[in-house]
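Undergrad: Before we start, here is the structure in question, set down as structure tokens.
Here, each number is a calculation from the coordinates, and none is a lab measurement. Since the structure is predicted, the reported quantities are computational estimates derived from the model, not experimental observations. Because the Cβ atoms are built from the backbone with ideal geometry, glycine has one as well, and the counts that use them run over all protein chains shown.
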Number of protein chains: 2
Amino acid sequence: MPDYKFDTTCIGNAIVDVISKIDDVFLDQEGLVKNSMNLIDEARAEDLYGKMGTAVEISGGSAGNTAAGVASLGGLSNYVGKVRNDQLGAIFAHDIRATGVTFDTVMSEDGAATARSFILVTPDAHRTMNTYLGACVELGPDDIIPEMIAASEVTYMEGYLWDPDGGKAAFRKAATIAHEADKRVSLTLSDSFCVDRFRSEFIDFIDGGVDILFANDDEIKSLYQTDNLEEAISTVRSKVEIACITRGKHGSVIIQGHTSVDIEADTSIDVVDTTGAGDLYASGFLYGFTNGYSIAQSGAIASLAAAEIISHIGARPGISLKDLVAKRLG
Amino acid sequence: MPDYKFDTTCIGNAIVDVISKIDDVFLDQEGLVKNSMNLIDEARAEDLYGKMGTAVEISGGSAGNTAAGVASLGGLSNYVGKVRNDQLGAIFAHDIRATGVTFDTVMSEDGAATARSFILVTPDAHRTMNTYLGACVELGPDDIIPEMIAASEVTYMEGYLWDPDGGKAAFRKAATIAHEADKRVSLTLSDSFCVDRFRSEFIDFIDGGVDILFANDDEIKSLYQTDNLEEAISTVRSKVEIACITRGKHGSVIIQGHTSVDIEADTSIDVVDTTGAGDLYASGFLYGFTNGYSIAQSGAIASLAAAEIISHIGARPGISLKDLVAKRLG
């Protein structure tokens, strides 16, 4: 058994993004809610792809993007997710390893193809995602290697993973192992529709032992069923060690015990595609947190990583985030 | 049999580009000559991909890019090229059809996988290509539908197609059909190394009946084995009806009989990736030429289409070239 040591292990749906620019009329015609993530079956995937314009393929998956971000920042990064042994699976595996991430999850040899997310980017740079989970449904508890989780300072899991049943079971197993090893468990709520699907399960899981929670303002309000962000923040404060609440161009607030740290967003950049903003924010915070930076410093790294990712198409870093941090934050 | 009518039919190697940013040291280490196109086998493809960083996949292929450009300009565009019925083949077919191109070449059901070109982009925006031809070797004369060629004002073929034997035979068949139907034959020399491989065959083919020739300054000098561009231009003047000689940031010159028309390059843009500059130049010229524009006007459209493609990663138009021409050239 190798002698593992990781800052983070990220667990999620392993997906190749198929990104296309569309106009708002297309969303209306297809009955899609802007900024949402919709699960689609194979027939709908074919239908939607047939209607979409020319696209670009880039490795994605929420937690995969976060894992790539941690590695690009210079962190020790591990990823768990399921692809099939097909051309898109080979692309996914190549890209995440090429960023420096450890990725040892066994590929499935039959069943559904590697997952794709058809990401529609409107002229306002917002993204609407349509995900065919494919091989992701094959991920299960057997894919969780206990020694890897026990060797990770933080095990981070995406809320989207609750959609496939095996993912949820893998998720719970990993959380148990992490806590038994006195390591931290982190969760991102992923999407407000995802929160709607699993609200009570998420609340139980958070109360039962999430140490670091990531959510945007819509997701945290949906979780606690309130229209008042302050009320949601007040509730979450007593539930987790740290909560990072992102608010798009309004920046983010990081809650820890009685303190709140406000982090500004970088509004100087030209926003091209918001895909991955939350994922890379999590990369920055987790890298900072597991490498001895303060909460405020970790938040600044998070904000910088998020700004880089929305300045170009795709949710994987286009440059070395380590170099970017050295240049911008010294 | 459908009632075909095309401005252009483009025939070439059907390829998905795998684009990665690298530094000059990587080219040196791998013994690669900047700006060249290198043919690689499957083993070298695996080796090179393993050494490359994270990549983006975008449909490509020189003549495929030209066909997409003609369609994006509003032209009636047809494409002939061979992919396998696999995930990358489905991506290629989707993207070219989504641009509005007719693409009816039958996919191969076995044999090598869909072709990939590993395109390495250096910080100076230059590209070095490493192409695994894969399923492209299956293209042959049977893939040339006579009614389509006879219904095309111009049949345009890439020099790269001379590498696979079947491609060369398809190429000759298409040229014969085009001339029998009193339509024009066009050729791009593609690459100076490609010219080196097939110089005498290219000279014979051009003398035997190429009407519109595309080449950059290196390729035309290589063809006629001279260091003097003026001398090469003087030679080609008597060989073809029209020759378009591109010179990168120095623009292009279009030769027709005794006249020469100089076309300026758009040097105002921020050059990101030069992949596809020649391909889209050809789109612009062929669209203009087959739609009643003058040589000078066609050159201006060519220059604009080339400038658009080098302003972003990938060799397929990122916006409607028809709208761009309407806005910029009225």
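Undergrad: Classify the protein assembly as shown as rounded, prolate or oblate from the Cα gyration tensor: take a ≥ b ≥ c as the square roots of its eigenvalues, call it rounded if a/c is under 1.5, otherwise prolate when a/b beats b/c and oblate if not. Numbers along the way, then the final one.
TA: Details: a/c = 2.19, a/b = 2.12, b/c = 1.04.
Here the protein assembly as shown falls in the prolate category.
Undergrad: If the elastic network links every pair of Cα atoms under 10 Å, which of B:ILE269, B:ILE206, B:ILE220 fluctuates the most in the Gaussian network model of chain B?
TA: Result: B:ILE269 has the largest fluctuation of those listed.
Undergrad: Pick from A:SER320, A:SER298, A:SER62: which is most flexible by mean-square fluctuation in a GNM of chain A where alpha carbon atoms under 10 Å apart are linked?
TA: A:SER320
Undergrad: Quick check: pseudo-label points 7 Å beyond the Cα along Cα→Cβ at B:LYS239 and B:GLU264, how many nm apart are they?
TA: 3.1 nm
Undergrad: Defining the label point at 7 Å along Cα→Cβ, can you sort the distances from A:ARG44 to the same site in each other copy, shortest first, in nm?
TA: 4.6
Undergrad: Can you list, shortest first in nanometers, how far B:GLY208 lies from the same residue in the other copies, with each label 7 Å from Cα toward Cβ?
TA: 7.5
Undergrad: Which residue, A:ILE301, A:ILE145, A:ILE119, has the most motion in a Gaussian network model of chain A that connects Cα atoms within less than 10 Å?
TA: Greatest mean-square fluctuation among the candidates belongs to A:ILE145.
Undergrad: Hey, another quick one. What is the ratio of the Cα radius of gyration of segment B:19-163 to 2.2 N^0.38 Å, with N the residue count, to two decimals? If you can, show how the numbers build up before the last one.
TA: Working: Rg = 16.1 Å, N = 145, 2.2 N^0.38 = 14.6 Å.
Taking N as the residue count of segment B:19-163, the ratio is 1.10.
Undergrad: Hey, can you rank A:63-75, A:248-260 by average C-beta count inside 10 Å, highest first? Mind showing how you got there, number by number?
TA: Working: A:63-75: 29.6, A:248-260: 15.2.
Peptide ranking by packing, descending: A:63-75, A:248-260.
Undergrad: Additional query: Go through B:LYS82/B:LYS249; B:LYS183/B:LYS239; B:LYS21/B:LYS51 and tell me which ones have a Cα-Cα distance over 21 Å in this structure. The partial results should precede the final answer.
TA: Working: B:LYS82/B:LYS249 33 Å; B:LYS183/B:LYS239 17 Å; B:LYS21/B:LYS51 12 Å.
Distance filter (> 21 Å) returns B:LYS82/B:LYS249.
Undergrad: Next question. When we measure straight from the Cα of B:LYS221, which aspartates and glutamates land under 15 angstrom away, once same-chain ones fewer than 8 places off are left out?
TA: Output for B:LYS221: B:ASP191, B:ASP196, B:GLU230, B:GLU231.
Undergrad: Any idea what the relative contact order of chain A is, in percent, if you count C-alpha pairs under 8 Å spaced at least 6 apart? Intermediate values should be presented prior to the final figure.
TA: Values: 738 pairs, mean separation 62.5, N = 330.
So the answer I get is 19 percent.
Undergrad: Another question about this same structure. Between B:SER36 and A:ALA296, how many nm apart are label points set 7 Å from Cα along the C-beta direction?
TA: Between B:SER36 and A:ALA296, the simple spin-label model gives 5.6 nm.
Undergrad: Here's a follow-up. Could you pull out every one of the aspartates and glutamates with an alpha carbon less than 19 Å from that of B:LYS322, ignoring same-chain neighbours closer than 8 positions?
TA: Cα-Cα hits under 19 Å: A:ASP23, B:ASP7, B:ASP95, B:ASP266, B:ASP279, B:GLU308.
Undergrad: Hey, any idea what Rg/Rh is for segment A:181-330, computing Rh the Kirkwood way over Cα pairs? Could you put the intermediate results ahead of the total?
TA: Values: Rg = 15.0 Å, Rh = 15.6 Å.
Reported Rg/Rh, Kirkwood definition of Rh: 0.96.
Undergrad: How large is the helix-only mean residue ellipticity at 222 nm for chain B, computed as the sum of -39500 (n - 2.57) over DSSP H runs with n ≥ 4, divided by its residue count, in deg cm²/dmol to the nearest 500?
TA: On the way: 12 runs with 130 residues, N = 330.
Rounded to the nearest 500, the figure is -12000 deg cm²/dmol.
Undergrad: While we're looking at this one, here's another question. So, how do all the Cα-to-Cα distances of segment A:6-322 break down into 10 Å bins, in percent, from 0 on up?
TA: 6, 30, 39, 22, 4, 0
Undergrad: What net charge is computed for the residues neighbouring B:ALA150, neighbours being all others with C-beta under 10 Å from the C-beta of B:ALA150, Lys and Arg scored +1, Asp and Glu -1? Spell out each step's value before the answer.
TA: Values: positive: B:LYS183; negative: B:GLU147, B:GLU180, B:ASP182.
After counting each charged neighbour, the total is -2.
Undergrad: Now, a different point. Considering every Cα-Cα pair within segment B:33-103, what fraction, in whole percent, is farther apart than 20 Å? Write out the running numbers ahead of the final one.
TA: Details: 1042 of 2485 pairs.
Here the tail beyond 20 Å accounts for 42 percent of pairs.
Undergrad: Is the shape of segment B:104-188 best called rounded, prolate or oblate, per the rule: a/c under 1.5 gives rounded, else a/b larger than b/c gives prolate, else oblate, with a ≥ b ≥ c the square roots of the Cα gyration tensor eigenvalues? Provide the component values of the computation, followed by the final result.
TA: On the way: a/c = 2.74, a/b = 1.51, b/c = 1.82.
In terms of gyration-tensor shape, oblate.
Undergrad: Can you list the copy-to-copy distances for B:LYS249, using a point 7 angstrom from Cα toward Cβ, in nanometres, shortest first?
TA: Distances to the matching label points in the other copies: 3.5 nm.
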